[in-house]
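Okay, structure first, notes after.
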Amino acid sequence: MKVKTVKTNNGSCSLPENPGVAKSRVSQLIGVFFVLFMLTVPAFCQPGPPPLPPDPWLDSYSFVDTTNWTSDMGYAPIAFTNLASIPEWEGNALLLDTTNSIPAFLNYNIVEADGTTNLVFPAGAVICVFICDWASADTNQYGAGPGDAAGDPAYLLAAGDFSSNSPDGLWAIYFDAGGTNIYFGGMSNSTPAVFVSAPISWSSNSVHLICLSYLTNSALYLDGQLAATGGPVTIVPDTNVWTNGFLIGSDLSGFEQARGVFWYLELDNSNLLSEFSDSYFTNMWPYISGGFAAWQASQQGSGPDYGGPRFPVSPGSEGTGVTNAVTGTNAYNVCMIDASYASVSGQGNTFTFTISGGLPGVCYDIFSTTNLVNPATNCVWTWLGQGTNCGTYSITNQPSVPSYYVLGTPLLALDGSGLTVAYENLISPAFSSDNYGTPSAWYLRQGINPQTPGIGSVDSDMDGLPNYQEYLYGTNPQVSEGFTAWVGEPESTSGIP
């Protein structure tokens with residue numbers, strides 16, 4: 001947000017410039033509210049900022065500054081590490097997820113050096129748009145949640161003293177390790193207090209609007225609906241630990257992460273609760289969810305079709321509306337149904353399934369592993385190919401040990417590899433399966449199955465260059481380029497073929 005300095009009889013102060021459009025990243029609906037809020041901004045022009053400014057809005061974080069991570073009011077964080085900026089609907093977003101394996105945190109002041117208050121503990125409101133990188137560990141989602149193997153919580157927003165037995169108090173919004181509940185609560189002398197909580201069952205990469213208000217009572221809204229009500233805040237951090245600041249997306253150590261994408265975070269004081277009814281929270285969701293759905297659809301097109309391989313398809317079933325299969329509301333609402341695993345004569349162990357949900361024409365990666373661990377990205381995954389909405393597929397010659405299969409979402413990676421984010425999260429783009437070191441990503445871009453036995457030595461276009469040498473020369477393995485490809489000798493080769 002731009003600021004301008006104005007002179008008053010009491011000195012100077014910084015005012016938001018053009019407050020009606022300053023936060024273009026936020027929905028038009030929210031923008032209207034902010035215009036109303038800013039009508040009281042001149043009250044800031046006092047010799048010193050009051051403890052609770054008349055304007056309900058304290059500060060917000062749209063994550064448009066991808067270098068210094070300053071707030072929308074221009075305040076810099078105390079510290080940050082291992083953060084990433086990614087494109088999302090209407091601009092950038094903050095990705096904080098190192099699977100709890102290395103520290104990642106974003107730490108801001110509770111009160112700035114100039115006296116500006118960023119977060120109030122006993123009475124206020126929090127609005128957050130969050131995209132989870134995990135699925136809830138319940139019977140509907142079959143995920144593992146955001147927490148680590150020790151079962152520690154995952155912090156969305158937190159402040160205070162995280163150490164055991166501390167009397168100084170911890171204030172936090174957090175998930176349990178399995179991602180099956182969201183809590184607003186505190187801790188003092190190792191005694192927890194939950195002010196309000198609600199169960200959740202979230203699918204991976206799903207968008208959620210989290211709104212919390214707290215005064216004499218607490219109210220938690222999830223995706224535009226009132227999810228739970230509770231009591232007042234009974235534990236607040238002692239002022240002697242305020243210098244620790246507050247954390248977005250993790251604890252102070254950076255190892256207990258919410259693991260996801262923060263698109264927007266807003267912090268308000270209690271005046272918000274007196275100026276607006278519950279509809280302030282519920283009216284945001286249709287605009288935000290619709291905006292994300294439209295943006296995601298525009299990014300996908302027909303999906304990242306690598307050109308092959310595709311699974312053996314039951315005759316006439318692909319895309320024709322299998323009995324139990326349906327089309328989803330977006331490209332990410334997808335799952336496997338009617339799955340079976342049986343020994344078939346001449347085909348070995350065969351895994352058969354139908355893709356239900358998703359959008360027609362979008363290609364979904366299928367991966368498998370025989371050793372499922374937490375986090376799932378540490379498994380040894382095998383890419384099996386792709387399938388589309390309402391197709392029934394059979395994958396033959398599967399291992400005789402217990403195996404696990406997952407569908408990958410179709411969002412393309414931003415590194416130009418042509419692979420999906422799911423593929424790059426589970427299998428390195430540089431992974432090679434041809435015994436010559438040719439990246440699997442290169443095969444996929446050429447429409448070739450990198451896991452075909454002996455694929456490196458195959459000469460599909462009959463020009464004298466096997467696939468691995470086509471990669472070294474930078475030529476097309478599907479088009480015969482003959483002697484013209486041999487004029488130079490690429491690195492790691494000796495002589496023309």
Close pairs from the range 91-114: first over 26 Å from residue 376 (Cα atoms) and without any contact (Cβ under 8 Å) to a residue 60 or more places away in the chain, partner surrounded by fewer than 20 Cβ atoms within 10 Å (Cβ to Cβ) and of a type in the set (D, E, K, R), Cβ under 9 Å, at least 6 apart: 92/65
Residue among 248, 200 that is out of contact with any Gly (no Cβ under 9 Å at 6 or more places or on another chain) and of a type in the set (A, V, I, L, M): 248
Evaluation of residue 432 against (1) surrounded by fewer than 21 Cβ atoms within 10 Å (Cβ to Cβ); (2) of a type in the set (Gly, Ala, Ser); (3) touching a residue at least 40 places away in the same chain (Cβ under 8 Å) (one fails), failing number: (3)
Residue 428 more than 29 Å from the chain's Cα centre (by Cα) and modelled with pLDDT under 80: no
Positions within the range 91-111 being buried (at least 18 other Cβ atoms within 10 Å of the Cβ), part of a loop (DSSP other than H, G, I, E, B) and not hydroxyl-bearing (Ser, Thr, Tyr), in sequence order: 97, 100, 104, 109, 110
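So that you can scan it fast, the table gives a plain yes or no per residue for (1) at positive phi; (2) modelled with pLDDT of 50 or more:
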site	(1), (2)
38	no, no
44	no, no
47	no, no
51	no, no
69	yes, yes
74	yes, yes
89	no, yes
96	no, yes
103	no, yes
Flag for residue 63 being buried (at least 20 other Cβ atoms within 10 Å of the Cβ), assigned by TED's automatic domain parsing to the domain that holds residue 213 and touching a Ser or Thr at 6+ places or on another chain (Cβ under 8 Å): yes
Residue satisfying all of: in the range 254-298; more than 30 Å from residue 420 (Cα to Cα) and among the acidic types (Asp, Glu); modelled with the lowest pLDDT among these: 275
Yes/no for residue 364 being in contact (Cβ under 8 Å) with a residue 12 or more places away in the chain, in contact with a strand residue (DSSP E or B) (Cβ under 8 Å, 6 or more places away or on another chain), buried (at least 21 other Cβ atoms within 10 Å of the Cβ) and outside the structural domain of residue 257 (by TED's automatic domain parsing): yes
Total residues in the range 139-160, condition crowded, with 17+ Cβ neighbours inside 10 Å and within 24 Å of residue 220 (Cβ to Cβ): 15
Every pair of residues 6+ apart whose Cβ atoms lie under 8 Å, when the first sits in the range 155-176 and is not assigned by TED's automatic domain parsing to the domain that holds residue 137 while the second is at pLDDT 95 or above and crowded, with 23+ Cβ neighbours inside 10 Å: none
Residues that are surrounded by fewer than 18 Cβ atoms within 10 Å (Cβ to Cβ) and either closer than 14 Å to residue 122 by Cα or aromatic (Phe, Trp, Tyr) (or both), drawn from the range 213-231: 215, 216, 217, 231
Failed condition for residue 404, given (1) out of contact with any helix residue (DSSP H, G or I) (no Cβ under 6 Å at 6 or more places or on another chain); (2) at pLDDT below 85: (2)
Enumeration of residues in the range 325-349 that are of a type in the set (Phe, Trp, Tyr) and either part of a loop (DSSP other than H, G, I, E, B) or not assigned by TED's automatic domain parsing to the domain that holds residue 392 (or both): 332
Residues of the range 190-241 satisfying the condition of being in a loop (DSSP other than H, G, I, E, B) and of a type in the set (A, V, I, L, M): 200, 215, 233, 235, 236
Tally, over the range 161-179, of residues that are in a loop (DSSP other than H, G, I, E, B) and surrounded by fewer than 23 Cβ atoms within 10 Å (Cβ to Cβ): 12
Among the candidates 210, 182, residue that is crowded, with 18+ Cβ neighbours inside 10 Å, among the β-branched types (Val, Ile, Thr) and either in contact with a Ser or Thr (Cβ under 7 Å, 6 or more places away or on another chain) or not assigned by TED's automatic domain parsing to the domain that holds residue 239 (or both): 182
The range 144-159 - residue that is among the small types (Gly, Ala, Ser) and modelled with pLDDT under 95 and, of those, nearest to residue 117 (Cα to Cα): 147
Number of the condition not met by residue 57 [criteria: (1) among the hydrophobic types (A, V, I, L, M, F, W, C); (2) over 24 Å from residue 253 (Cβ atoms); (3) surrounded by fewer than 20 Cβ atoms within 10 Å (Cβ to Cβ)]: (3)
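The values are calculated or read from the model by the stated rules, or taken from the named source; none is laboratory data. The shown structure was predicted, so the numbers you read here are calculated from the model rather than taken from an experiment. Cβ: placed from backbone, ideal geometry, glycine included. Neighbour counts: every protein chain shown.
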